[in-house]
Amino acid sequence: MKKGLVLEGGAMRGLFSAGVVDVLLENDIRFDGAMGVSAGATFGVNFKSKQKGRVLRYTTTYANDERFSGLQSWLKTGDLYGAEFCYDTIPNELDPFHYEQYRKNPMAFYVVVTNVESGEAEYIEIPTLDEKEMLYLRASASMPIVSKIVKIDGNGYLDGGIADSIPIKAMEKLGYEKNVVILTRPLYYRKKKQAFLKGMHLLFEDYPNIVKALENRADAYNETLAYIQRKESKGELFVIRPEFSLKVGKVEHNSEALKEAYEEGKKNMQARLEELKAFLDK
């Protein structure tokens, strides 16, 4: 029975997931495959490369660096999270990513992107994290409005969370039968439709299907939550989530807030470690 790990996005709420994942690394908890969306993808690759603590280290180190994230990055580059700095300078110079270790790890890793033409999710396996695959990783976390469309082989992509925020059904279709889902919102959370959607028709007038996906996002997200909770109640799915809303923004310059979200993830996973082992072993 193939074991899978699903990581929700949520920008800097992903520090919660990073804390969970580091406990998994500490205890040598392994999966046959993992799938990440947005921050779940960009942070999740560190699980495959087995770089415990790296996410917390670089996010807190560069939290106040305008090249990393923020208004200045958006105004200068068109991306709220600076593409060159985040996907080249950090992994290749400042806080090296262990590409060889990533490639040697037999666990499959997938990222979710949204095709701007179709408005549908695409699930891309990332076996080596080469230059092209890094573009898919970047696209998965490219939030609409505050990010440029990422072009790959003539296609345009944005944040995978637009079309599939929690890809548990996609993992099941790939043959993963025993799955663990890391969420970044508490149990009581339900997504509401955003007020800014009215302006999306103008911003994405050439991409009507991405507008439809954004309009349907809240309903699709809440339906997936209901599906997850049904399976969780039957013991068919293991879910780890924060107990309360995390006090971090999409862009977070307070390194202490990032650490708190990370520590919350570690604490929650440590408390349920034996329960997780029992779930995976049965």
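The values are calculated or read from the model by the stated rules, or taken from the named source; none is laboratory data. Because the structure is a prediction, the values reported are computed rather than measured. As a convention, Cβ positions derive from the backbone with ideal geometry for all residues, glycine included, and neighbour counts pool all protein chains shown. Only protein heavy atoms, including side chains, enter the accessible area calculation; ligands, DNA and RNA are left aside. Shrake-Rupley method; radii C 1.70, N 1.55, O 1.52, S 1.80 Å.
A few remarks follow.
- Only protein atoms count toward the accessible area here, which uses a 1.4 Å probe; on region 19-58, the carbon and sulfur part of that area reaches 42 percent.
- Max-minus-min Cα coordinates of region 1-89 on each principal axis give 48, 21, 21 Å, with the largest extent listed first.
- Net charge of the neighbourhood of Gly53, taken over other residues with C-beta under 14 Å away and scored Lys/Arg +1, Asp/Glu -1, is +2.
- Separation of region 191-248 and region 35-112, taken as the distance between their Cα centroids, equals 23 angstrom.
- Rounded, prolate or oblate (a/c below 1.5 giving rounded, otherwise prolate when a/b exceeds b/c) for region 56-112 by Cα gyration tensor: prolate
- Other residues within the sphere of radius under 12 Å centred on the Cβ of Thr114, judged by their own Cβ, net out at -3 (K and R +1, D and E -1).
- For region 261-276, Karplus couplings with θ = phi - 60° (6.51, -1.76, 1.60), whole Hz, Gly/Pro x: 5, 4, 5, 5, x, 4, 4, 5, 6, 4, 5, 10, 4, 5, 4, 5
- One chain, two ends: His98 and Lys234. Fully extended at 0.36 nm per residue, the span grows by 45.1 nm beyond their Cα-Cα distance.
- Accessible surface of region 125-218, 1.4 Å probe, proportion on carbon and sulfur as whole %: 51
- Potential lengthening of the chain between Tyr189 and Arg30 amounts to 54.4 nm, from the contour at 0.36 nm per residue minus the alpha-carbon distance.
- In region 130-195, Rg over Rh equals 1.03, where Rg is the alpha-carbon radius of gyration and Rh the Kirkwood radius from pairwise Cα distances.
- Rolling a 1.4 angstrom probe over region 234-276 with all protein chains present gives an accessible area of which 47% lies on carbon and sulfur atoms.
- Legend: translational diffusion of region 202-242 by Stokes-Einstein, Rh = Kirkwood radius over C-alpha pairs, 25 °C, 0.890 mPa s; D = 201 µm²/s.
- Between Ala226 and Lys132, the contour length at 0.36 nm per residue exceeds the alpha carbon distance by 30.3 nm.
- Hull shadow area, averaged, region 58-178 [alpha-carbon convex hull, nm²]: 8.5
- Rolling a 1.4 Å probe across the protein heavy atoms gives the chain an accessible surface of 45 Å² per residue.
- Here the chain has an Rg and Dmax of 17.6, 52 Å, counting Cα atoms alone.
- Normalised contact order of region 132-205, rounded percent, pairs of Cα under 8 Å and 6 or more residues apart: 20
- Peptides ranked, highest mean first, by Cβ atoms within 10 Å: ranges 132-139, 49-56, 172-179: 132-139, 49-56, 172-179
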